[in-house]
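Novice: The structure is given below, and queries will be raised subsequently.
The values are calculated or read from the model by the stated rules, or taken from the named source; none is laboratory data. These figures come from a predicted structure and were not determined experimentally. All accessible areas refer to the heavy atoms of the entire protein, side chains included, with ligands and DNA or RNA removed. Shrake-Rupley method; radii C 1.70, N 1.55, O 1.52, S 1.80 Å.
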Amino acid sequence: PSKQKMLTNINSKITFNGKYMFDSIAVDNGFYLATFDGFWFYNHVDKTTQKVPLSTNSKVLLKVNKLGSLLFIATDDDGFIIYDWRNRAEVLHIDSKAGLSSNEIIDILPLANGDIWLATSKGVDVYHNGTEKVSNIFSSPSSKVMSLATTDNKVFAATQGSGIQVFDVNKQRLFQFATGINFSYIRTIKDEIWAPSRQGLFRIDGKNYHIQMIPGTQNFSFTGEPVVIDEQVYLGHYSGVLSLPLHRDDHFESPIRISKTTVSGNTYLNNESIFVESANDVIQLQLA
């Protein structure tokens, strides 16, 4: 409605640093915020905002995920926390003493079998809820693991330049693909992985690892994870927000570019300027 006003009381009690927000997640009666100054909850029933007390020494919280009544909170330098949002109580805090490869948890993915997968600044860890032990299953010293997603009983770990690593739920490494792409936060949407990156938006079939760039997105540098509303997918990028239909369109018109030019045997990549000596030169264009 044209007369609807934006709520201002949401931010009124949040601290200055708390207004720098990294992630949020909705629950029945409101939503939680992972911020630069701890964990906050907005109750949309009574329109109040309050800080949630946690045992971590880290004020910077990077990601939050949900499974049932539990929230899984990734911190910048103090491991991760499990929080029961129904009972409003902290359940568990796992820090460096548990054997994490790094205290910086960039993304966190709880599975139905009780395992908690962690994307750290040094690789991929798995916390076993039953044994209360941590397994360091993958090391990535050259590029951070940015995000985790699951489909087809596999876990996909997207990195900043080293492609996507694939594991089965038993933590065995299966495959690596898409090397050289700088991914941000990938997410599973209807059994398919949507993978925004600095080089465009990709859709991935988890069964056969087929990866396809969505035409027209190659000029966008995406910064966050996809959000689905009413069969539309919204993605933030450095110039704004892009909206795309969730369903696939078999017909599309992609921009055509010159990828390679050959002049009498001399090859030039992309649309580099060429030199033609005479009218007898043979010019070949390869389009993409």
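Novice: Can you give me the accessible area per residue for region 153-285, using a 1.4 Å probe, in Å²? Present the calculation step by step, with values, prior to reporting the outcome.
Specialist: On the way: 7840 Å² over 133 residues.
Heavy-atom SASA per residue in region 153-285 reads 59 Å².
Novice: Amide H neighbours of residue 260 under 5 Å, counting only residues 5+ apart in sequence or on other chains, H built in-plane at 1.01 Å?
Specialist: Placed amide hydrogens put 270, 286 under 5 Å from residue 260.
Novice: Another one. Could you tell me whether region 1-119 comes out rounded, prolate or oblate from its Cα gyration tensor? Rule is a ≥ b ≥ c as square roots of the eigenvalues, rounded for a/c under 1.5, then prolate if a/b exceeds b/c, otherwise oblate.
Specialist: It comes out prolate by the Cα gyration axes.
Novice: Give me the percent of accessible area attributable to carbon and sulfur for the chain, probe 1.4 angstrom.
Specialist: Within the chain, the accessible surface is 50 percent carbon and sulfur.
Novice: List the residues, sorted by chain then number, that are 5 or more residues from residue 237 or on another chain and whose placed amide H is less than 5 Å from its amide H.
Specialist: Sorted by chain and number, the residues that satisfy this are 223, 242.
Novice: Order the following by accessible area, largest value first: 127, 20. Probe radius 1.4 Å; ligands, DNA and RNA are ignored.
Specialist: So, going from the largest accessible area down, we get 20, 127.
Novice: Counting only residues 5 or more places away or on other chains, whose amide H sits under 5 Å from the amide H of residue 151 once H atoms are built in the peptide plane?
Specialist: So residue 151 has HN proximity to 156.
Novice: Quick one: what are the phi-derived ³J(HN,Hα) couplings along region 176-185, Karplus 6.51/-1.76/1.60 with θ = phi - 60°, whole Hz, x for glycine and proline?
Specialist: Computed from phi, the couplings for region 176-185 are 9, 8, 6, 5, x, 8, 8, 7, 10, 8 Hz.
Novice: Now for a separate question. Volume per residue, Å³, of the convex hull around the alpha-carbon atoms of the chain?
Specialist: 188 Å³
Novice: Label region 139-216 by shape, choosing from rounded, prolate and oblate, from the square roots a ≥ b ≥ c of the eigenvalues of the Cα gyration tensor; if a/c is under 1.5 it is rounded, and otherwise prolate applies when a/b is larger than b/c, oblate when it is not.
Specialist: oblate
Novice: HN-Hα J couplings of region 158-165 from phi, Karplus 6.51/-1.76/1.60, θ = phi - 60°, integer Hz, Gly and Pro as x?
Specialist: Calculated HN-Hα couplings, in order: 8, 10, 8, x, 9, x, 10, 9 Hz.
Novice: Now, a different point. Taking the Cα atoms of region 144-287, what is the range of coordinates along each of the three principal axes, in descending order and whole Å?
Specialist: Result, largest extent first: 63, 36, 28 Å.
Novice: Could you run the Karplus curve 6.51 cos²θ - 1.76 cosθ + 1.60 with θ = phi - 60° over region 54-68 and give me ³J(HN,Hα) per residue in whole Hz, x for Gly and Pro?
Specialist: Using θ = phi - 60°, the values come out as 10, 7, 5, 7, 7, 8, 9, 10, 9, 9, 9, 10, 9, 9, x Hz.
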